[in-house]
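To start, the structure under review is shown below, and the notes come after it.
The values are calculated or read from the model by the stated rules, or taken from the named source; none is laboratory data. Please read these numbers as outputs of a predicted model, since none were measured by experiment. Heads up, the Cβs are rebuilt from the backbone with ideal geometry, glycines too, and the neighbour counts pull from every protein chain shown. Surface areas here come from the heavy atoms of the whole protein model, side chains and all, with no ligands, DNA or RNA. Shrake-Rupley method; radii C 1.70, N 1.55, O 1.52, S 1.80 Å.
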Amino acid sequence: MPPRPAEAGRPPVRIGLISDTHGLLRPEALAFLAGSDHILHAGDIGDAAILEALAGIAPLTAVRGNNDTGPWARQLKEVEQLRLAGVGIHLLHDRHELAIDPPASGVRVVVAGHSHKPLVQEQGGVLYINPGSAGPRRFSLPVSVGELLIEDGGVRARTVTLEVAPRPRR
């Protein structure tokens with residue numbers, strides 16, 4: 001079925017993906033997320049100020065990670081399930097704790113963080129995305145973010161390694 005005339009030629013809905021900031025919101029991550037229609041943070045946020053800054057860019061949905069233990073984090077759920085641009089999305093911190101059957105639950109995309117390893121993987125009709133870690137560098141893993149693009153009911157995703165300035169040593 002062709003798109004309705006009002007939808008023809010519309011740009012894709014862009015959902016910015018970020019995880020594992022651990023209290024550090026880099027300017028490079030903010031620049032990448034600018035222009036997002038919605039932002040998903042997959043946990044280990046580290047500071048409520050990060051949520052405020054992200055919500056200033058676009059509507060924000062965030063989940064609590066295993067390191068989000070302060071009083072500010074109590075308001076966050078461990079799992080969020082939402083529909084954006086008609087696509088079912090399941091957001092959690094650790095993919096190993098996925099407690100649903102995504103296709104049976106109407107979920108097309110699962111977004112998780114925790115491992116700090118960027119990943120885009122299609123499996124059984126479900127797109128699994130880990131934007132990696134946008135916070136302090138860990139081991140030799142990249143500092144990264146991601147995006148989900150939804151257009152005419154189709155979804156595609158990518159992760160992007162950020163070119164970040166070295167942090168001064170203390």
key: Solvent-accessible area, 1.4 Å probe, carbon plus sulfur percent, for the chain   = 52 percent
note = Length gained, Ala58-Arg138, 0.36 nm per residue minus C-alpha separation, equals 26.0 nm
remark   = On the formula 1/(1 + (r/R0)^6), with r taken between the Cβ atoms of Ala31 and Ile100 and R0 of 25 Å, the FRET efficiency rounded to 0.05 is 0.15
remark   = Rounded to 0.05, the calculated FRET efficiency for the beta carbons of Arg83 and Val120 at R₀ = 35 Å is 0.95
remark   = Probe 1.4 Å, all chains present, heavy atoms only: Glu78 accessible area in Å², nearest 10, is 110 Å²
ask   = Considering only protein heavy atoms, what per residue accessible area in square angstrom results for the chain with a 1.4 angstrom probe?
value = 53 Å²
ask   = What is the P(r) of the range 54-157, as percent of Cα-Cα pairs per 10 Å bin from 0?
value = 13, 46, 34, 7, 0
